Each structure stands twice: as structure tokens, then as C-alpha cells.
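The structure appears right after this line, and notes come after that.
The values are calculated or read from the model by the stated rules, or taken from the named source; none is laboratory data. Remember, predicted model here, so these are calculated numbers, not experimental data. Note: ideal-geometry Cβ built from the backbone for every residue, glycine included; neighbour counts use all protein chains shown. Keep in mind that these areas ignore ligands, DNA and RNA; they rest on the heavy atoms of the full protein, side chains included. Shrake-Rupley method; radii C 1.70, N 1.55, O 1.52, S 1.80 Å.
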Amino acid sequence: MNGRVDYLVTEEEINLFRGPSGLGFNIVGGTDQQYVSNDTGIYVSRIKEDGAAAQDGRLQEGDKILSVNGQDLKNLLHQDAVDLFRNAGYAVSLKVQHRVQVQNGPLGHRGEGEPSGIPVAMLLVPLFAVAMAAAWAIMRYRQRL
């Protein structure tokens with residue numbers, strides 16, 4: 001429980017069918033224009049509204065595209081990657097890496113009835129114990145009068 005931000009990385013195969021506006025997303029990256037420091041990968045920069053990717057719903061901005069129709073996208077110039085997408089055909093298979101932020105520690109998800117991420121029971125149990133101790137002390141004090 002250190003408040004550190006971690007990432008959960010998953011891979012998924014997404015099959016899209018080219019529509020009137022293409023596959024419906026833009027890309028960034030490549031060996032000549034790194035989008036992520038020390039990573040020459042190809043990333044989704046924008047999902048076009050009503051495009052094939054938006055209608056499918058699985059591809060997200062920031063996803064890393066690992067391959068197109070089985071062809072690896074490692075060590076490609078940006079324009080070579082663009083050409084690969086343009087020439088991929090009508091049915092396109094993408095191997096995609098999703099990176100989801102996972103937060104550990106006290107800064108995590110706050111559920112209903114959990115102020116500051118602390119469960120209600122953790123607040124009520126000590127409060128109840130203090131109230132019981134105070135009631136016991138008052139009863140003992142009254143007995144002595």
C-alpha cells in the first residue's frame with residue numbers, strides 16, 4: 001500500500017473491416033518519430049468518430065499496435081507503418097497491447113460509504129471501542145458515588 005501507480009498490460013487480437021473512412025484511427029510513433037521515450041512502437045493517437053474502430057469499441061487511444069495481419073510493427077519508420085495499414089486490405093487483423101492504469105495503496109478507488117478510500121468498518125470499530133470504554137468508565141465512576 002504505497003500509493004504507487006502501476007500498469008496492467010494485456011494483449012488482444014482485434015479484427016476490423018475497412019469502412020468508408022478507412023479503419024477509423026490515426027497512429028503515431030515509429031523509429032523516426034518516437035511517441036514514447038525509448039520505444040519505437042506504433043500507437044493509436046486518435047479514434048475517429050463513427051469509424052470502424054469506434055464502432056468496434058475495443059481499440060483505444062494510447063493502445064500499442066504490435067502487428068497488422070500478422071506482420072510485426074517493430075523497427076518501422078512511421079511512413080512505412082502508415083503504408084502497411086493503407087495496404088492491409090478490407091479485413092484487417094490487429095494485435096494490440098492495452099495498458100490500463102492500476103493504482104495501489106491509499107489513493108485507490110473510493111467506493112460508496114468509504115471516505116478517503118478507508119472502509120467504514122475501519123472507522124466505526126475503533127469509535128465503538130472508545131464509546132464502550134467511556135460508558136464503562138462512567139458506570140464505574142457512578143458506582144463509587
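Listing for the model above:
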quantity: Under 13 Å, Cβ to Cβ, from Ala81 - net charge with Lys/Arg +1 and Asp/Glu -1; calculated: -1
quantity: Portion, in percent, of the accessible area of the stretch 1-79 that falls on carbon or sulfur, probe 1.4 Å; calculated: 45
quantity: Which of Phe17, Phe85 is most accessible, then next, and so on - probe 1.4 Å; calculated: Phe17, Phe85
quantity: Which of Lys74, Lys48 is most accessible, then next, and so on - probe 1.4 Å; calculated: Lys74, Lys48
quantity: Where labels lie 7 Å past Cα in the beta-carbon direction, separation of Met132 and Ser37 in nm; calculated: 5.3
quantity: Debye intensity ratio in log₁₀ form over the Cα atoms of the stretch 1-97, taken at each q of 0.12, 0.17 Å⁻¹; calculated: -0.37, -0.71
quantity: Glu61 accessible area, 1.4 Å probe, all protein chains in place, Å² to nearest 10; calculated: 110
quantity: Solvent-accessible heavy-atom area per residue, rounded to whole Å², over the stretch 34-108 at 1.4 Å; calculated: 59
quantity: Accessible-area order (highest first, 1.4 angstrom probe) of the listed residues Leu8, Leu76; calculated: Leu8, Leu76
